Amino acid sequence: MVYDFRNIEKKWQKYWRDNKTFKADSNSEKPKYYVLDMFPYPSGSGLHVGHPLGYIASDIVSRFKRSKGFNVLHPMGFDSFGLPAEQYAVKTGQHPKKTTEENVVRFKNQLHKLGLSFDWDREIKTSDSSYYRWTQWIFLKLYNSYYDHGLNKAQPIEKLKIPTNLNENEIESFIDSKRLVYVDTIDVNWCEELGTVLANEEVIGGLSERGGFPVIKRPMKQWVMRITDYADRLLDDLIELDWPESIKLSQKNWIGKSEGAEIKFSINNDFIDVFTTRPDTIFGATYLVLAPEHPLINNITTDKYRKSIIEYVEQASKKSDLERQENEKNKTGVFTGSYALNPISNEKIPVWISDYVLFSYGTGAIMAVPAHDERDNEFAKKFNLKIIKVIDGGNKDECYTGNGPIINCGEYDGIDNIKFKSIVVEKLESKNKGTKTTNYKLRDWIFTRQRYWGEPIPIIYDGNKKKALEFDDLPLELPEVESYLPTNDGLSPLARNNDWVNISINGKNYLRETNTMPQWAGSCWYFLRFIDPDNNNEFANKDLIRYWMPVDLYIGGAEHAVLHLLYARFWHKVLFDLDYVNTCEPFKKLINQGMILGNSAFAHRIKNTNNFISFDMIKDEKTQKIHVDISFVDEKNRLNIERLKQNNPEFKDVNFLKGESFYVSRDIEKMSKSKFNVINPDQICDKYGADTLRMYEMFLGPIEQAKPWNTSGISGVKNFLNKFWRLFYKGNGWAVTDRKANKSELKILHETIKKITNDVENFSFNTCVSSLMICVNELTRLDCRSYEILSPLTILLSPFAPHLAEEIWEHLGNKKSIINEPFPISNPSYLIEETKNYPVSFNGKLRFTIFLSLNLEIEEIKKAIMEDERTLVFLNGLEPKRWIIIPNKIINIVF
RNA sequence: GCUCGGAUGGUGGAAUUGGUAGACACGUUGGACUUAAAAUCCAAUGACCAUUGCGGUCGUGCGGGUUCAAGUCCCGCUCCGAGUACCA
């Protein structure tokens, strides 16, 4: 009887579905455990082998925790609003809802095949109006709240104290200026191609994150969320989180809190405000630099320099951030012709403009201290500006950024520079020339998109007057439109539906807000909806939230290190302040799975020709790498030209210059449909089975590490599962016996229990697989068929290969699913092993180091040594004077 | 440029975080079983030298250092990957 994974997997997937085996119970006496995956965007290309990596890991933890007696919530849903569906709709006219639903069905089928233990009764789609009704509701909660800096929390807008001397319009704009969501006219990243505005965070190197289209600055009215009010709390609360340090660090850097001072430099009758973190170096400030966007530039530029300034400003405005960065080595800038007054040293210093100063950070102007700042130093050297050293340290002509005593500052010389910081700030404050300030890199979150496929914003307008919709008006459903393109003047496609835009309430006419929310909105709170997905009266019941929150384990890709994780934390804190949730942080433990990379294949095209050349024949030819589908390439990197031409018409008229075969080159890259390197899990499932795929993905390497996909080792995992099966079946017969297990069999079992328990708790799934392999190899060698061993072993296997484990469990005579069977506990009495002894050195005193091959408690080590004969031979009547014991490692015994 | 990671056999990766480097798996080679193949099992497999036998030397990207002991810690490099907003 062979292990028939096809029927077994089908059988148990049906069983789990029919019996709702993984249904989470909210009225349980057991301790709870909430395991969450970052839910996927249901893209058109379906699931690839990289997606399940995190899902398999979280599934192992879920099954393990169930087995350990926890009440586990392990839900799944779809982040189903998003740009690709809309772009597809623009292209084909198909309603995004239709394509999204088709994709969801496909994703679900693929996920089901993997045997993941999701509670599908809790499935969420962010584009369902029953879901986004509550996204809109949270939006209104933010709209109707303000941040009370005294209480350091958000408060309902009714509690806001309004100054008494205001008229009606002023009251309104005062309230608006305090709301957590407000409208502002700002220079935004306008992407012509997408017809939409992107958040700063979504622009990468001057191009849109999705699609890679150019982005330019353009002023526009936008809804903005006041996330900056939460900067301090978002920063401070990071400390307690059990997250990877690298992710915490990137959030910290993103928030970018820095203490410093704003200093006023007088110029003509005006002044330039600069922000600096180094007020202690003010005597070394030999010039000022303004960002090219700075509004004062026009006023202070003298006629002599006006032409070059105008040229420079124009050039800078065309440059993308990426180009500004590329010019790193060769700084540019021009002199304005004006001089400003250093408020401390009273020196006249020149004012320059340069694009190495960013308008969006600080005040958009800096005081340059070339002696103590690398960038200023480079700039000063290039333009022959004065360099004055004011802190002692470093080599003579080098830029020194460290600390030390003050020099070249007259009466202040000798003072420690850190102390000098506060002296300077005090002096500036007394002269009204500056203040101590804290600056953040974090900027408010631009929340509107000129898109169709998103949540409509529940606001209506009476002229310029805004009116929020009432709770009863929600959900505000997405209207139908004729075309999914934005209007020519940049309005959302929703503006095309006049019947929807114009509404009348109690005989009064209003216009609707036509913008929609960004894709992040739905994912900011979905983990709360999973707790109570069908609730029509609340976004989730408070008692249920109290029971299930926080999320105990959150697994997802590192690409969400900042944006999603920061936005979700922000909304959660608002809901916490308004007393809707009971935890101030949503995610207790975070694991980032590494990307699974694909092995792309490239054919080489000779530049500016239609000739492709075999990789082994390239000599001096300049070539361009073109992706070809990896399914047309064999393991020796030979391309099947016929099949390529059949499937990709663009290669139809191409010449292939080749010897015996046409060779391609290979490269490791991110797995993506556009790179033709996608491996689909369905293929692997069909060929090897879900259990093999699950174990193999875990066996590939540490969960957090990026790794290329290759299937060369998959047969090892398949062999392991077959071996496992053969422990129970010999030939065609059931081989399990009632024989008592012997000592060595028990030792193998209990060692494995200990290793697996430890490794699952430390998320080291690759070593779990190894441990199971070793265990099965040894039991096979011993021909162990004892029920006493094989029954607990099946439970050990069940988180990793659940289908096989269930099947065997049933054959062992159990009527119920293995899912809630208690996880075996290792018995340390089976673990004591012989000790190995190595004399290490004679160092005045006789000294032995005793290595122990197992982790034991100190007392156990002592006991083992005293009882073991070979150890006693070493001790040989000598009474140890001193034990140097490092737990679990070594014992040095000094005589 | 900056920040954070990483580098271990032919390959993916282990190494209880300072204690026998290379677990486990793939691949390769040889053998058993078979008419044959598949499957399965057994053996070998870091490199070099020695091989009639014990064995020896070198080995965790490179160069130093600390230590009885370094893949692991410290200092200085090289290369690769990821992120990035020149953050003053």
Residues residue A:92 and residue A:158, FRET efficiency given R0 of 51 Å [Cβ-Cβ distance, rounded to 0.05]: 0.60
Extension gain from residue A:783 to residue A:638, taking 0.36 nm per residue of separation minus the Cα-Cα distance: 47.6 nm
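Give me the extension gain from residue A:273 to residue A:221: residue separation times 0.36 nm, minus the current Cα-Cα distance, reported in nm with one decimal.
On the way: separation 52, 0.36 × 52 = 18.72 nm, distance 2.68 nm.
Separation in residues times 0.36 nm, less the Cα-Cα distance, equals 16.0 nm.
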Footprinting exposure proxy for A:738, A:416 (fewest neighbouring C-beta atoms within 10 Å first): A:738, A:416
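Can you list which of the chymotrypsin sites (Phe, Trp or Tyr not before Pro) found in the stretch A:222-280 are DSSP loop residues with at most 15 other C-beta atoms within 10 Å?
Values: sites: A:223, A:230, A:254, A:265, A:271, A:275; in loops: none.
Sparse-neighbourhood loop chymotrypsin sites (Phe, Trp or Tyr not before Pro): none present.
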5 angstrom amide H check on residue A:338, placed H, neighbours 5+ away: A:302, A:351
Built amide H within the under 5 Å cut-off of residue A:145, gap 5+: A:157, A:180, A:181
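Taking other Cβ within 10 Å of each residue's Cβ, how do A:421, A:730, A:815 sort, fewest first? Don't jump to the answer; show the numbers that get you there.
On the way: A:421 20, A:730 13, A:815 6.
Fewest-to-most Cβ neighbours within 10 Å comes out as A:815, A:730, A:421.
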Calculated from backbone phi, Karplus (6.51, -1.76, 1.60) coupling profile of the stretch A:715-723 in Hz, x at Gly/Pro: 5, x, 5, 4, 4, 4, 5, 5, 4
Simple spin-label estimate for residue A:374 and residue A:432 in nanometres, 7 Å along Cα-Cβ: 4.1 nm
Peptides ranked, highest mean first, by Cβ atoms within 10 Å: ranges A:498-504, A:5-11, A:128-134: A:128-134, A:5-11, A:498-504
Sorted by Cβ density within 10 Å, fewest first, the residues A:80, A:770, A:829: A:829, A:770, A:80
Near-label residues of the stretch A:565-593 by backbone N, under 17 Å of a point 7 Å along Cα→Cβ of residue A:252: A:566, A:590
Per-residue HN-Hα couplings for the stretch A:430-447 [Karplus 6.51, -1.76, 1.60; θ = phi - 60°; Hz; x = Gly/Pro]: 5, 8, 6, 10, x, 9, 6, 9, 10, 10, 10, 6, 4, 10, 4, 8, 5, 10
Backbone N within the stretch A:59-84 under 19 Å of label point (7 Å from residue A:129 Cα along the Cβ vector): A:80-82
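For the pair residue A:259 and residue A:411, what calculated FRET efficiency results from E = 1/(1 + (r/R0)^6), where r is the Cβ-Cβ distance and R0 = 30 Å, to the nearest 0.05? Present the calculation step by step, with values, prior to reporting the outcome.
Numbers: r = 25 Å, r/R0 = 0.84.
E between residue A:411 and residue A:259, to the nearest 0.05, is 0.75.
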Two-site label geometry, residue A:348 and residue A:825: point separation in nm, points 7 Å out along Cα→Cβ: 8.5 nm
Cα centroid separation - the stretch A:96-172 against the stretch A:396-425, whole Å: 51 Å
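Set the Förster radius R0 to 41 Å, insert the Cβ-Cβ distance between residue A:485 and residue A:360 as r into 1/(1 + (r/R0)^6), and round the FRET efficiency to 0.05. Mind dumping the intermediate values first?
On the way: r = 30 Å, r/R0 = 0.73.
It comes out at approximately 0.85.
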Two-site label geometry, residue A:559 and residue A:381: point separation in nm, points 7 Å out along Cα→Cβ: 3.9 nm
Net length gained if the chain between residue A:729 and residue A:166 were fully extended (0.36 nm per residue, minus Cα distance): 194.1 nm
Listed peptides A:19-30, A:699-710 by packing density, highest first (mean Cβ within 10 Å): A:699-710, A:19-30
Long-range amide H partners of residue A:73 with built H, under 5 Å: A:33, A:34, A:35
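Read-outs: derived from the displayed coordinates by stated rules, not from any lab. Note that the coordinates shown come from a computational prediction; the quantities given were computed from them, not determined experimentally. Please note: Cβ atoms are built from the backbone with ideal geometry, for glycine as well, and neighbour counts cover all protein chains shown.
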